[in-house]
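Since the structure comes first, as structure tokens, the remarks are kept for the end.
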Amino acid sequence: MSLKSPVRRHVKSILAQLSSAELIDQSLKAAVALRQLPVYRDASTIGFYMSMDASELKTSLMIRNAFEDGKKVFLPRCHFQPTLTAFSTTRDYSKSAKKNHLVFHHMPSLTQLLEMKPQGPYKLKEPSEDLPDCFSPEFGGIDLLIMPGVAFSINTSGGVNRIKRLGHGAGFYDEFVARHKKYVDDYNEAHSQEKKYPFLLGACLKEQLVEDVPTDELDEDLNGLLITDKFHQL
């Protein structure tokens with residue numbers, strides 16, 4: 001049995017007891033705190049997750065604030081079929097050889113977002129695939145990526161500092177981050193520049209912080225973690 005499964009079950013059992021009022025309160029505090037972070041203020045392009053249910057910090061107010069603050073907002077669209085036969089043979093970074101993958105599309109306005117209807121197996125609002133994605137030349141990637149998860153841990157023992165994330169198991173976000181990093185590497189090589197990787201910011205409820213998250217070689221560490229209104233950066 002995977003070491004990840006018991007952690008997921010444990011955290012989900014705790015979250016199942018969380019009241020709607022507490023979920024909303026923590027989500028509101030997180031939205032206020034995010035707006036004060038230098039990494040948020042410095043970001044021009046921000047990718048957000050669309051929260052699913054009571055198991056995640058709600059992002060609706062964060063997204064509303066980002067529009068008000070003049071940020072370019074990107075939202076994920078899930079794809080369940082591979083769009084490439086081999087990822088390494090292309091430089092179209094919006095495509096993937098992986099069956100489950102995300103494409104972050106630019107959302108032009110809050111009004112357009114509010115008009116969207118939930119769809120897909122997760123019943124989430126998803127942007128149209130006709131909208132430009134984050135790798136379009138006009139955007140050049142994402143500066144700040146707000147990432148969901150089931151559980152998170154902050155580990156500082158043994159001289160190695162890590163902020164670890166445990167997702168739902170589909171690998172959507174880890175695969176997207178790997179693809180984005182390849183985009184940055186290829187861009188820098190072609191242009192002799194130093195475009196940065198996106199800042200990976202986990203956002204979670206207090207109940208989602210655990211002592212240690214089991215990870216493997218495909219799991220991406222985070223640069224920072226927002227636990228309700230408390231920010232941690234290594």
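For the range 61-89, a residue qualifies if it is assigned to a strand (DSSP E or B) and at pLDDT 95 or above, and the qualifying residues are LYS72, VAL73, PHE74, LEU75, PRO76. Restricting GLU207, GLU189 to residues that are in contact (Cβ under 8 Å) with a residue 60 or more places away in the chain and acidic (Asp, Glu) narrows the list to GLU207.
From the list LEU37, LEU18, which residue is touching a helix residue (DSSP H, G or I) at 6+ places or on another chain (Cβ under 9 Å) and surrounded by fewer than 18 Cβ atoms within 10 Å (Cβ to Cβ)?
Just a single option satisfies the conditions, and that option is LEU18.
Close Cβ contacts (under 6 Å, 6 or more residues apart or on different chains) running from residues in the range 98-113 that are closer than 16 Å to GLY141 by Cβ and buried (at least 17 other Cβ atoms within 10 Å of the Cβ) to residues that are of a type in the set (Gly, Ala, Ser) and at pLDDT 95 or above comprise PHE104/GLY47. Filtering the range 90-117 to residues that are over 22 Å from GLY167 (Cβ atoms), part of a loop (DSSP other than H, G, I, E, B) and at pLDDT below 95 leaves THR90, ARG91, ASP92, MET116, LYS117. Within the range 144-199, restricting attention to residues that are modelled with pLDDT under 95, more than 30 Å from ARG9 (Cβ to Cβ) and of a type in the set (Phe, Trp, Tyr), the residue that is surrounded by the most Cβ atoms within 10 Å (Cβ to Cβ) is TYR183. Pairs meeting the criteria (first residue in the range 15-35 and touching a residue at least 12 places away in the same chain (Cβ under 8 Å) and under 16 Å from LEU209 (Cβ atoms), second residue assigned to a helix (DSSP H, G or I) and of a type in the set (Lys, Arg), beta carbons under 7 Å, at least 6 apart or on different chains) are GLN26/LYS206.
Of the residues that make up the range 118-125, is at least one among the charged types (D, E, K, R), at positive phi and modelled with pLDDT under 90? The answer is yes; a qualifying residue exists.
Kindly provide the set of residues from the range 176-207 that are of a type in the set (Asp, Glu) and closer than 19 Å to SER94 by Cβ, ordered by number. Steps first, please.
First pass over the range 176-207, keeping only residues of a type in the set (Asp, Glu): 185-186, 189, 194, 207.
Answer for the range 176-207, where residues must be of a type in the set (Asp, Glu) and closer than 19 Å to SER94 by Cβ: ASP185, ASP186.
With respect to (1) in a strand (DSSP E or B); (2) over 17 Å from VAL150 (Cα atoms), the lone exception for LEU226 is condition (2). Among the residues of the range 150-186, those that are without any contact (Cβ under 8 Å) to a residue 60 or more places away in the chain and either among the hydroxyl-bearing types (Ser, Thr, Tyr) or within 28 Å of ALA54 (Cβ to Cβ) (or both) comprise ASN155, SER157, LYS164, ARG165, GLY167, ASP174, VAL177.
Is there a residue in the range 130-143 that is of a type outside the set (Val, Ile, Thr), within 13 Å of the chain's Cα centre (by Cα) and either surrounded by fewer than 18 Cβ atoms within 10 Å (Cβ to Cβ) or farther than 18 Å from LYS4 by Cβ (or both)? Looking through the range 130-143, at least one residue is of a type outside the set (Val, Ile, Thr), within 13 Å of the chain's Cα centre (by Cα) and either surrounded by fewer than 18 Cβ atoms within 10 Å (Cβ to Cβ) or farther than 18 Å from LYS4 by Cβ (or both).
Looking across the range 207-230, the residues that are exposed (fewer than 13 other Cβ atoms within 10 Å of the Cβ) and charged (D, E, K, R) come down to GLU211, ASP216, GLU217, LYS230. Every condition in (1) without any contact (Cβ under 8 Å) to a residue 60 or more places away in the chain; (2) surrounded by 15 or more Cβ atoms within 10 Å (Cβ to Cβ) is met by LYS4 except one, and the failing one is (1). Taken over the range 194-220, the criterion of being of a type in the set (D, E, K, R) and within 17 Å of the chain's Cα centre (by Cα) is satisfied by LYS196, ASP219, GLU220.
The values are calculated or read from the model by the stated rules, or taken from the named source; none is laboratory data. Because the structure is a prediction, the values reported are computed rather than measured. So basically every Cβ, Gly included, is an ideal-geometry build from the backbone, and we count neighbours across all protein chains shown.
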